[in-house]
Amino acid sequence: MNKEGYFGNFGGMYIPEILMTTIRELIEEFNKAKADPAFFKEYVDLMSTYSCRPTPLTFAANLTDYCGGAKIFIKREDLNHTGAHKANNVMGQGLLVKRMGKTRVIAETGAGQHGVATATMAAKFGFECTIYMGEVDVHRQRPNVFWMERLGAKVVAVTEGSRILKDAINEAMRDWVSNMDTTHYVLGTACGPHPFPEMVTWFQSIVGTEARQQILERTNKLPSRVYACVGGGSNAMGIFSGFFADPVELVGVEAGGLGLDSGHHASRLKSGDASIGVAQGYKTYFLQDRDGQMKETHSVSAGLDYVGVSPILSHYKETGRVRFEAATDKEVMDALSLTVKKEGLIPALESTHAFVQAFKEAPGLSPDESIIINQSGRGDKDIFTIADAYKDPAWQEFIKTKAEEYNA
């Protein structure tokens, strides 16, 4: 950061004056936590006993043979408790909430993984919890909604706007303004006003720290490339953080939807369709029209259809430190099928975007080189979307039978 809350030209704290005291309190507590070795030890101890840290680095021997070229390694964030990298950030923020003495947490969620992680954290620490989720995402991620509610969270379906992630963030911000004395907003990605981009990245950096150590232990050298999907940017910033100081190419893969020329995608940094703007508390690239109104987005994955992107990644786009690509819905479904059949792994649809680009590029590298793909989440949450995309007749009959049973 060249000034508080900024990464190059991006970031900042564009928030209502009423929130400034709360944000300053959060910044103060976060800075104290960073300076306190005991805090990070508590965090690591919590994640190693409650989640699955360190998560494994899996050598994908069959995919390596199939693609040819570089050795393919997969960082298994899907093995975290609640099924994704989201637990890293949420549990860290939960420890901060305890320090601040607040009793209620709120969160936004798209794919539902952050919502489940937040509800889990609230159950463990005894916080009241409300989750905001776009109505569209509520329907396509019903299993995660079910578990959030079982964990004791109140799930609010947002019916305004496009009824997806950006609208859930707007509602969560409104709640926070009204209840800031008792409530902490557990922002799930490396976006929003300072200190959230930096704070989420700090908690997620445990992924990259582990991955760097693991690949050196396995191959005695650094990988040539590291791949991660990019929605808001939390999993990408997490794994990239381990390699920023190294001569390693970092590749972020956005949602290409129906194609970058179709207008139905969520690519901010690859498509050229985004422009710099200010919304939801920070400055970054947004998919917006000439009047600054946010455009409709599309992705087969519920977690990658956000209109903005981390200000840190926007900065690295402009400096050239991270290369950005995009994967279409069809490419994602094909890569998912290949990964399931070749390795017995079921990545989330979000994570599979990174697999697409890795599969394209691995054959062009030497067998002496290695690459890492961040499998940021597991795909069981996507079973409805995946089964619909494959038009599986047995699944369709199962759903029909269940519906008839419920209506009987």
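None of the figures in this text is laboratory data; all of them are computed from the coordinates on show. Note that the structure is predicted; figures quoted are calculated from it, not measured. Every residue, glycine as well, gets a Cβ built from its backbone with ideal geometry; the counts of neighbours run over all protein chains shown.
Observations on the model:
- Approximate shape of the range 1-92 as ellipsoid semi-axes (Cα gyration tensor, √5λ), whole Å, largest first: 36, 20, 12
- On the beta carbon distance between residue 32 and residue 59, with R0 = 30 Å, the FRET formula returns roughly 0.15.
- For the range 141-177, applying the loop criterion from DSSP together with a ceiling of 11 other beta carbons within 10 Å to the GluC sites (Glu not before Pro) yields 160.
- Cα gyration tensor category, rounded, prolate or oblate, for the range 131-175 with a/c compared to 1.5: oblate
- The Cβ shell under 9 Å around residue 56 holds other residues with a net charge of +2, Lys and Arg each +1, Asp and Glu each -1.
- Charge sum, other residues only, whose C-beta stays under 14 Å from residue 39's C-beta, Lys/Arg counted +1 and Asp/Glu -1: 0
- Residues whose placed amide H lies under 5 Å from that of residue 279, excluding near-sequence neighbours: 284
- Across the range 58-193, the relative contact order, built from alpha-carbon pairs under 8 Å that are at least six residues apart, equals 24 percent.
- Environment charge of residue 119, counting only residues whose C-beta is closer than 13 Å and scoring Lys/Arg +1, Asp/Glu -1: +2
- Each residue of the range 327-339 is assigned a 3J(HN,Hα), and the resulting list reads 10, 7, 4, 5, 4, 5, 5, 5, 5, 4, 4, 5, 5 Hz, derived from the Karplus form 6.51 cos²θ - 1.76 cosθ + 1.60 (θ = phi - 60°), x at Gly and Pro.
- Whether the range 230-364 is rounded, prolate or oblate, judged on the alpha carbon gyration tensor where a/c under 1.5 counts as rounded: oblate
- If only the Cβ of Lys and Arg carry +1 and only the Cβ of Asp and Glu carry -1, the dipole of the range 4-158 around its Cα centre is close to 360 debye.
- Amide H contacts under 5 Å for residue 129: 105, 154, restricted to partners 5 or more places along the chain or on a different chain, H placed in the peptide plane at 1.01 Å from N.
- Size of charge dipole - the chain - debye, nearest 20, with Cβ of Lys, Arg +1 and Asp, Glu -1, no other charges: 700 debye
- Inter-label distance, nm, simple model (7 Å from Cα along the C-beta direction), residue 18/residue 334: 5.1 nm
- Counting DSSP beta bridges with both ends in the chain, the antiparallel % (nearest 5): 30 percent
- When both bridge partners sit in the range 199-328, DSSP labels roughly 35% of those beta bridges antiparallel.
- Shape of the range 201-281, Cα gyration tensor, a/c cut at 1.5: prolate
- Here's the picture: charge each Lys and Arg Cβ at +1 and each Asp and Glu Cβ at -1 in the range 175-330, and of 192, 202, 307 the one pushed furthest to the positive end of that dipole is 202.
- Fluctuation leader among 16, 223, 347 - the chain, Gaussian network, Cα springs under 10 angstrom: 16
- The range 44-104: relative contact order in percent, alpha carbon pairs under 8 Å with at least 6 residues between: 27 percent
- Neighbour-count order for 47, 133, fewest beta carbons within 10 angstrom listed first: 47, 133
- Sorted by Cβ neighbour density within 10 Å, fewest at the top, the residues 386, 27, 74, 372: 27, 386, 74, 372
- The trypsin sites (Lys or Arg not before Pro) found in the range 206-235 that occupy coil by DSSP, while having at most 13 further C-beta atoms within 10 Å, are 221.
- In the chain, taking the dipole from charged Cβ atoms about the Cα centre, the farthest positive-side position among 255, 85, 111 is held by 85.
- Per-selection Rg to Rh, the range 97-252 - Cα, Kirkwood hydrodynamic radius: 1.03
- DSSP beta bridges in the range 3-158 [antiparallel fraction, %, rounded to 5]: 35 percent
- Centroid-to-centroid separation of the range 136-170 and the range 66-85 [C-alpha atoms, Å]: 27 Å
- The chain: Rg to Rh, with Rh as the Kirkwood radius over Cα pairs: 0.95
- Applying a DSSP loop filter and a limit of 10 other Cβ atoms within 10 Å to the trypsin sites (Lys or Arg not before Pro) in the range 258-326 leaves 290.
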